Number of protein chains: 2
Amino acid sequence: MRHTSVLPQKSHADMRALMQVALGEEQADLTILNAKLVNVYTAELQEPIGVAVKGPWIARVSADVGDTIGAETRVIDAAGRTLIPGLIDGHTHLSWICSVAAFVPYAIASGVTTVVTETLEPYPVAGIAGVLDLLASLQDQPIRILATAPSMVSISTAARGISPAALESLLAREEILGLGESYWQGVLQEPDVYLPAYAQTQRSGKVIEGHSAGASEKKLAAYAAAGASSCHEPINAEQVLTRLRLGMHVMVREGSIRRDLEEISKIRERGLDLRRLILASDGASPEDLVRRRYMDHVVQKAIGCGFSPVTAIQMATLNVAEHFRLDGFLGAVAPGRLADVVIIPDVATIAPEVVIAKGRVIFENGRVLAEGRRHLFSEASRNTVKLTRDQAPSDFSIRTPAGSRTVRVRVIEMVTDLVTAERHMDFPAEGSDLRADPARGICKIAAVDRTRSPGKTFTGLIQGFGLTSGAVACSAAWDTSDIVVVGTDENDMACAVNRLRTLQGGAVVCDKGRVLAEIPMPVFGIASESPMPTIVAQMQDFTRHIARRGVSFPDPLLSLITLTGAAIPYLRICEEGLVNLKDGKTLGLFVT
Amino acid sequence: MRHTSVLPQKSHADMRALMQVALGEEQADLTILNAKLVNVYTAELQEPIGVAVKGPWIARVSADVGDTIGAETRVIDAAGRTLIPGLIDGHTHLSWICSVAAFVPYAIASGVTTVVTETLEPYPVAGIAGVLDLLASLQDQPIRILATAPSMVSISTAARGISPAALESLLAREEILGLGESYWQGVLQEPDVYLPAYAQTQRSGKVIEGHSAGASEKKLAAYAAAGASSCHEPINAEQVLTRLRLGMHVMVREGSIRRDLEEISKIRERGLDLRRLILASDGASPEDLVRRRYMDHVVQKAIGCGFSPVTAIQMATLNVAEHFRLDGFLGAVAPGRLADVVIIPDVATIAPEVVIAKGRVIFENGRVLAEGRRHLFSEASRNTVKLTRDQAPSDFSIRTPAGSRTVRVRVIEMVTDLVTAERHMDFPAEGSDLRADPARGICKIAAVDRTRSPGKTFTGLIQGFGLTSGAVACSAAWDTSDIVVVGTDENDMACAVNRLRTLQGGAVVCDKGRVLAEIPMPVFGIASESPMPTIVAQMQDFTRHIARRGVSFPDPLLSLITLTGAAIPYLRICEEGLVNLKDGKTLGLFVT
């Protein structure tokens, strides 16, 4: 049997071979003996259990599978250890910072055999061709990487939505499980932009991934009525309950952006049916991956938070598979399912000792036995910073209206490291330019379109970012095709953006005209191609230089790039202006 | 909004209208106030709850839905009563005996808003055109009737399997949820006949409905590995557990063929995750329907057997919807789902007071408010008994081999009213004919092909049927295109078959050349077009006449027509000969 496709369909011959192994009439390729099994269907621990594998599939799971062992069968004696299904991360972002090839070994060591990734990042800068290039990079990996289509809720009207033809071509692909996270404000504020894609996705029989942070009861109902089938944004048990009651699959986010599991775990006390509760990362940073804080750690933490071990394992296996309608393929150790199996010491100790994916042993004796496949991205995917000239400091000047003594300005106020508010401040209109005022905590911020209308720039002010000197810029600005730059000085802002033009993307810190730290991200201007340890070192260096310049956020790069995002309240910036997510309207800098 | 399709897809405009009702910006068509809700997702009882309905869909479910009431909104005050989702019968046979139009009112009164029916019955006698005619009869009914495609496991090689083209055309239809019950012996004994259909169904993303009565552990694993996704055959908790562990959805059968719920309910004691346990009828007889023993009764009985009310309700709603991947459409009272809602007095009293399907009130104040739509079946569907001449008594004679003194004969022995054994008995070969011997409990039995090779007949012997005089025949013989007839006398066998030729199908009792009782079944030779009370009276009359002639089975018609079936062990008969289901091989009458 040869299977290169992401979700292999069994042929008639495959089925026949599986049946013969199940019947003990043909030898298995791989047989596991003397195990316990976490049966995620019944929530039981079964013992003793053996598993017979043929090609990428499981043929039989039963007490005695000795009759499936032949001369060429690889036999693993589990010696009383416990089998669980390969873990699934049902919501993450694999086009961000590190390459898939660099990510894969860490996922394997974590017992993860299936990942569902968003693909929204390349779309604004590289279009459908970019998404297809990203999808190509997910193929033929030792683990299974599935994806969702970008729904493109964006504060930039230029980056908003996905064309019906592009969506149709994506939904036709087997590895595309549905429409990716579609922030609720999009469909509520602009139903005519987003509902056609919702209807198109529902017709395809695939899922609409939701994102309903902060939605009120009525708005949440409207969002569910439109078809949103999941949410990974709740931060407490009450928000989880509200969504579960509507039939949403709720993903408890425990990753590098937020860690909500401990707070949400209080939901245990209510004695609910938790079949629709899921564990997901929403993205694991290189540092977290290297520190081994991925899905095995998350399941272990769920057990530590009081979920029964079997419930915790269901939340990262069967429940995820059912949400995506993949439970006929994966999410359990059972006949006819893909042979994705992890051996752990015991049900309460989520420490992978052997990891099997698609029938192949890819982790054993503490060593990852399979490499992530490196994908050669296209020239177009690697050339997305299309600025035709270097930026000048004057490109970031702010002209005040003629004739006024003072001007009232919309300032982005950092309320937390991610949440912002719209603050109105008066400035004297001395001369014609507004400048940063680091002493009052006010920096300049600009969004520079790097792809669609290269060089189109909007410059505003931000308070509370903390930067006291120089500038910091990144091309991986959320949900847009922008470079976002924050600076105390127009010269350094230009310096930073120009360095990104040279690098074709990345993150950079400049001060007094010098580049102090940088993380090159040549793929879509979003992802590095370096090995994971190099990226971690670059990020630490980057963070150190920003911290020295007064920025105290835990992940200053994340704080920077989310400033263009359409998901986190309230006042955001893009190349078109400021947008308050409360109503999604584009605003000018001056309050008139 | 107008929706006539079985599973309506929401258009962009539908979604927009739903959202507006959810937001309280547009009035609902129907609003339910002051209710409790059985939330099948979380397994909670929510209170207070209101539901706002727009067209066939639910727009909002929340404590206060008063803002959705406008001048044209129909308002139902639930006055503290309890809402549950419309019940689903996930496995039944609607082409058998009574018409869909006659069935529908009883389903409605029982709180059933969705039914999944097999379509195997018409296929052997009317082919794909017959199945399509049956499917047409399911359309535009007040409740939703979905179906599965026939897999045609049959003991007759002429009736075996479905063509890839026919299956493809059925799988492309929205109301076809998968491949219908495919008895495990078929795919195990003849993988090359059935696996192509399995592979075809899996490629379509639909389900393969299973039937694994009596399968051993290895055979069950082989069956699951081939893709069987359900089973409705377990008769005790142990058999249920074995199948749940393999990831099968197990349907607890509680209907007119068997009632296994009480025995199976012992599974409660094990504290399992029961998300894959389902309640289904596998067919409700006219008498049971009239006596109100359909799905409301079944759910009530599950509660009586000790399942918690919420668990019992999940087993007839969400669990079924999830199995068929319809949970985005139905199976729960939630925004975006079809407005299929039943009002009951309280969570433990499954006595429908109001039934709403597709947003319409179809049962209230003890009255069914919607009629089943009568379908005009085609001429071809109504002319399936293609015998070109009347049968003669000599058509049922059994010639013994020349030159032998005694012959050893394979006799069908009735072990229970449905299960048979293969018994070998010696008979003197006096003259050239074997005759029935009522005194020893031996009757003649014949299978007469009525469609494919009209008149092709195989005659054998049966012991223990109990008939002491006359003959009984029926054209609704399982899994074949046969008329099956049991008699003590060749004249009456011919009389019975010939009467069925005149009637174009049905069931008949003859004695001494006279027709004593009959149930006409002109549609495919399988279903009546009479009103339900008429059918019940005819069946009671039929049973009375058979009982008077010594047959003491609880449902003698069922005992008769299953004698050609491929599902119930062991020795069966068709126009080609005898078949022992142990190996599926066609056998002659004489043991040589």
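The values are calculated or read from the model by the stated rules, or taken from the named source; none is laboratory data. None of the values given here were measured: they were computed from a predicted structure. Cβ: placed from backbone, ideal geometry, glycine included. Neighbour counts: every protein chain shown.
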Filter result (assigned to a loop (DSSP other than H, G, I, E, B), touching an Asp or Glu at 6+ places or on another chain (Cβ under 9 Å) and over 19 Å from B:Pro554 (Cα atoms)) within region B:272-285: B:Leu272, B:Asp273, B:Arg275, B:Arg276
Verdict on A:Thr586 being surrounded by fewer than 21 Cβ atoms within 10 Å (Cβ to Cβ), at pLDDT below 95 and more than 30 Å from A:Pro286 (Cα to Cα): no
Pairs, first more than 7 Å from chain B (Cβ to nearest Cβ) and under 18 Å from A:Arg276 (Cα atoms) in region A:216-234, second part of a strand (DSSP E or B) and of a type in the set (Ser, Thr, Tyr), C-beta under 8 Å, six or more apart: A:Ala228/A:Ser182
Residues satisfying the stated conditions in region B:429-458, i.e. more than 17 Å from B:Val551 (Cα to Cα), small (Gly, Ala, Ser) and part of a loop (DSSP other than H, G, I, E, B): B:Ala429, B:Gly431, B:Ser432, B:Ser453, B:Gly455
Leading residue by the ranking (nearest to B:Ile350 (Cα to Cα)) among those in region B:269-285 that are more than 14 Å from every other protein chain (Cβ to nearest Cβ) and out of contact with any strand residue (DSSP E or B) (no Cβ under 6 Å at 6 or more places or on another chain): B:Ala284
Some residue of region A:463-479 being β-branched (Val, Ile, Thr), closer than 28 Å to A:Val591 by Cα and modelled with pLDDT of 95 or more: yes
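Conditions tested, residue by residue: (1) within 14 Å of chain A (Cβ to nearest Cβ); (2) in contact (Cβ under 8 Å) with a residue 40 or more places away in the chain; (3) farther than 24 Å from B:Met251 by Cα.
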{"position": "B:Ile155", "(1), (2), (3)": "no, yes, yes"}
{"position": "B:Ala158", "(1), (2), (3)": "no, yes, yes"}
{"position": "B:Pro164", "(1), (2), (3)": "yes, no, yes"}
{"position": "B:Gly180", "(1), (2), (3)": "no, yes, no"}
{"position": "B:Tyr183", "(1), (2), (3)": "no, yes, no"}
{"position": "B:Pro191", "(1), (2), (3)": "yes, no, yes"}
{"position": "B:Tyr198", "(1), (2), (3)": "yes, no, no"}
{"position": "B:Ser204", "(1), (2), (3)": "yes, no, no"}
{"position": "B:Glu209", "(1), (2), (3)": "yes, yes, no"}
The lone exception for A:Asp133 - which of (1) acidic (Asp, Glu); (2) under 24 Å from A:Ala507 (Cβ atoms); (3) surrounded by 24 or more Cβ atoms within 10 Å (Cβ to Cβ) it fails: (3)
Inter-residue pairs, beta-carbon under 7 Å, first at the interface with another protein chain (Cβ under 7 Å from one of its Cβ atoms) and over 11 Å from A:Gly55 (Cβ atoms) and in region A:5-28, second acidic (Asp, Glu) and part of a helix (DSSP H, G or I), 6+ apart: A:Gly24/A:Asp67
Residues located in region B:459-510, provided they are in a strand (DSSP E or B), over 27 Å from B:Cys98 (Cβ atoms) and in contact with an Asp or Glu (Cβ under 9 Å, 6 or more places away or on another chain): B:Thr459, B:Leu461, B:Ile462, B:Gln463
Which listed residue is surrounded by 16 or more Cβ atoms within 10 Å (Cβ to Cβ), among the small types (Gly, Ala, Ser) and out of contact with any Lys or Arg (no Cβ under 8 Å at 6 or more places or on another chain), from B:Ala436, B:Ala429, B:Ala447: B:Ala447
B:Ala332, sole failed condition from (1) closer than 30 Å to A:Leu326 by Cβ; (2) surrounded by fewer than 24 Cβ atoms within 10 Å (Cβ to Cβ): (2)
Check on A:Arg173, among the basic types (Lys, Arg) and more than 9 Å from chain B (Cβ to nearest Cβ): yes
Filter pass, B:Ile356 being within 14 Å of chain A (Cβ to nearest Cβ), farther than 30 Å from B:Ile442 by Cα, β-branched (Val, Ile, Thr) and buried (at least 19 other Cβ atoms within 10 Å of the Cβ): no
Any hit, region B:319-326, residues being touching an Asp or Glu at 6+ places or on another chain (Cβ under 9 Å), within 26 Å of B:Ala102 (Cβ to Cβ) and not in a helix (DSSP H, G or I): no
Single condition B:Leu33 does not satisfy, out of (1) assigned to a strand (DSSP E or B); (2) over 28 Å from A:Leu241 (Cβ atoms): (2)
Any chance B:Asp288 is away from chain A (no Cβ under 12 Å), more than 24 Å from A:Glu322 (Cα to Cα), in contact with a strand residue (DSSP E or B) (Cβ under 7 Å, 6 or more places away or on another chain) and surrounded by fewer than 24 Cβ atoms within 10 Å (Cβ to Cβ): no
Scope region A:317-351; condition touching a helix residue (DSSP H, G or I) at 6+ places or on another chain (Cβ under 6 Å) and touching a residue at least 40 places away in the same chain (Cβ under 8 Å); matching residues: A:Leu330, A:Gly331, A:Ala332, A:Pro335, A:Gly336, A:Val347, A:Ala348, A:Ile350
Residue check for A:Arg408: farther than 29 Å from A:Leu171 by Cα and basic (Lys, Arg): yes
Filter result for A:Gly565 (of a type in the set (Gly, Ala, Ser), modelled with pLDDT of 95 or more, over 24 Å from the mean Cα position of the chain (by Cα) and on the phi < 0 side of the Ramachandran plot): no
Test: residue in region B:73-94 that is within 13 Å of chain A (Cβ to nearest Cβ) and in a loop (DSSP other than H, G, I, E, B): no
Residue in region A:286-300 that is outside any loop (DSSP other than H, G, I, E, B) and closer than 27 Å to B:Ser308 by Cα present: no
Residue within region A:532-548 that is touching a residue at least 40 places away in the same chain (Cβ under 8 Å), over 23 Å from A:Thr488 (Cα atoms), surrounded by fewer than 19 Cβ atoms within 10 Å (Cβ to Cβ) and not aliphatic (A, V, I, L, M) present: yes
Conditions (1) surrounded by 21 or more Cβ atoms within 10 Å (Cβ to Cβ); (2) under 15 Å from B:Ile398 (Cα atoms); (3) of a type in the set (Val, Ile, Thr): number failed by B:Thr457: (1)
Subset of region A:291-342 [away from every other protein chain (no Cβ under 14 Å), among the hydrophobic types (A, V, I, L, M, F, W, C) and over 20 Å from B:Leu246 (Cβ atoms)]: A:Met295, A:Val298, A:Val299, A:Ala302, A:Ile303, A:Cys305, A:Ala316
Test: A:Ile264 is at pLDDT 95 or above and part of a helix (DSSP H, G or I): yes
Whichever residue in region B:31-62 is among the aliphatic types (A, V, I, L, M) and surrounded by fewer than 22 Cβ atoms within 10 Å (Cβ to Cβ) and, among such residues, is farthest from the other protein chains (Cβ to nearest Cβ): B:Leu33
